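Reading through the structure tokens given below for one structure.
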Amino acid sequence: MSIEIRQNLCIGCGRCAEVCPGSLIVLKNNTATMFKPERCWGCASCIKECSVEAVALFLGEDMGGLGGKMTARREKSLMHWTLEKIDGSTQTITVNNRDSNKY
């Protein structure tokens, strides 16, 4: 599992680097860069912290993603998870953080 940092979208805020439990993300030239992506745990902490959807989780075949990518966008108590499929289509799943532990 690994992440992709979309350099063209990154604003260099460093929030992803702050939350990475493996200290694998660094700021280089005011842009987030993945250091040793093969060590990524796929925890999605960086994805949830990125306010501009510059970080995406690669969804391999073992995750049922068949090469797609997943990003997240926070809107108050809502978390919008967007799945970008390899055919170019997208699907968004919205979760209310207040209800996320009810089930």
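Details
- Residues of the range 35-58 that are part of a strand (DSSP E or B) and either open to solvent by 40 Å² or more (accessible area, probe 1.4 Å) or in contact with a Cys (Cβ under 7 Å, 6 or more places away or on another chain) (or both): Val55, Phe58.
- Answer residue from the range 14-29, given it is over 16 Å from Ala56 (Cα atoms) and outside any strand (DSSP E or B) and is least open to solvent (accessible area, probe 1.4 Å) among those: Gly22
- Only a single criterion out of (1) more than 15 Å from the chain's Cα centre (by Cα); (2) within 24 Å of Asp99 (Cβ to Cβ) is not satisfied by Asn29, namely (2).
- A residue that is within 21 Å of Ser2 (Cβ to Cβ), out of contact with any Pro (no Cβ under 6 Å at 6 or more places or on another chain), in contact (Cβ under 8 Å) with a residue 12 or more places away in the chain and acidic (Asp, Glu) occurs somewhere in the range 82-99.
- Some residue of the range 34-56 being in contact with a Gly (Cβ under 8 Å, 6 or more places away or on another chain) and small (Gly, Ala, Ser): no
The values are calculated or read from the model by the stated rules, or taken from the named source; none is laboratory data. Source: prediction; values computed, not measured. Positions of Cβ are generated from backbone atoms using ideal geometry, with glycine treated the same way; all protein chains shown enter the neighbour counts. Each accessible area value is taken on the protein alone, full model and side chains, heavy atoms only, with ligands, DNA and RNA left out. Shrake-Rupley method; radii C 1.70, N 1.55, O 1.52, S 1.80 Å.
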